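Here the structure is laid out as structure tokens; the discussion comes afterwards.
The values are calculated or read from the model by the stated rules, or taken from the named source; none is laboratory data. Because the structure is a prediction, the values reported are computed rather than measured. Neighbour counts run over all protein chains shown; Cβ positions are idealised from the backbone, glycine included.
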Amino acid sequence: MSTVRPFSILGIQQIAVGGADKQKLRSFWVDLLGLEYRSTFVSESENVDEDICQMGSGAFAVEVDLMQPLDPEKRPRVDNPALNHVGLWVDNLAVAVDWLSAQGLRFTPGGIRKGAGGHDVCFVHPKGSDEFPRSAEGVLVELVQAPQAVIDCLQSVGRRRLILSCYLDVSSARSIQSSLESSASAKSVAL
């Protein structure tokens, strides 16, 4: 198994919540919590009527999809489980799918396609198979091709965190060293 990943998971792009009645979902997520309604997506082949909402802004926005099945007797059942799936920003979706498939990860049928939000997406299957034994262990995961602006922003934040972390480590080390030297000086004076 190759351990060098030729792609990066950048952050959470979305969560999708399902219910029998999306108006009840809207009552909680939009009316009570204040998420912003963006648009509606309906797909007969995916058996979904979903409201696309958002929290945050810019590259840090997270989409929250409020979904109900068009027909509760048909599959897929977007309302079961209620936390339907989580979407992750990926810097290179095609490379990620190829590499993960080679590692034995199972994907849902349909391959890479346009998602409800207009980005290329691909779903990791919640269960493994004989041919592809690896899975997301019960969770449906959507890999979403990040736009270049999101890639740049999130990678920049990651670099800043690394620099800050290194700075804090150096500062902490200097502070600890200074404390130890002060403590050693105090002990030698006391003797």
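Of the strands (runs of 3 or more DSSP E) lying entirely inside the range 1-86, those containing at least 1 residues that are in the same structural domain as HIS119 (by TED's automatic domain parsing) and in contact with a Ser or Thr (Cβ under 7 Å, 6 or more places away or on another chain) span 48-55.
The residue that is surrounded by the fewest Cβ atoms within 10 Å (Cβ to Cβ), among those in the range 23-60 that are of a type in the set (Gly, Ala, Ser) and in contact with a helix residue (DSSP H, G or I) (Cβ under 9 Å, 6 or more places away or on another chain), is GLY58.
Of the residues making up the range 59-118, those that are closer than 24 Å to GLN155 by Cβ, of a type in the set (A, V, I, L, M, F, W, C) and more than 15 Å from the chain's Cα centre (by Cα) are ALA94, VAL95, VAL97, TRP99, LEU100, LEU105, ILE112. For the range 103-118, the count of residues that are among the charged types (D, E, K, R), free of Cβ contacts under 8 Å to residues at least 40 places away in the same chain, over 21 Å from GLN13 (Cβ atoms) and surrounded by fewer than 16 Cβ atoms within 10 Å (Cβ to Cβ) is zero.
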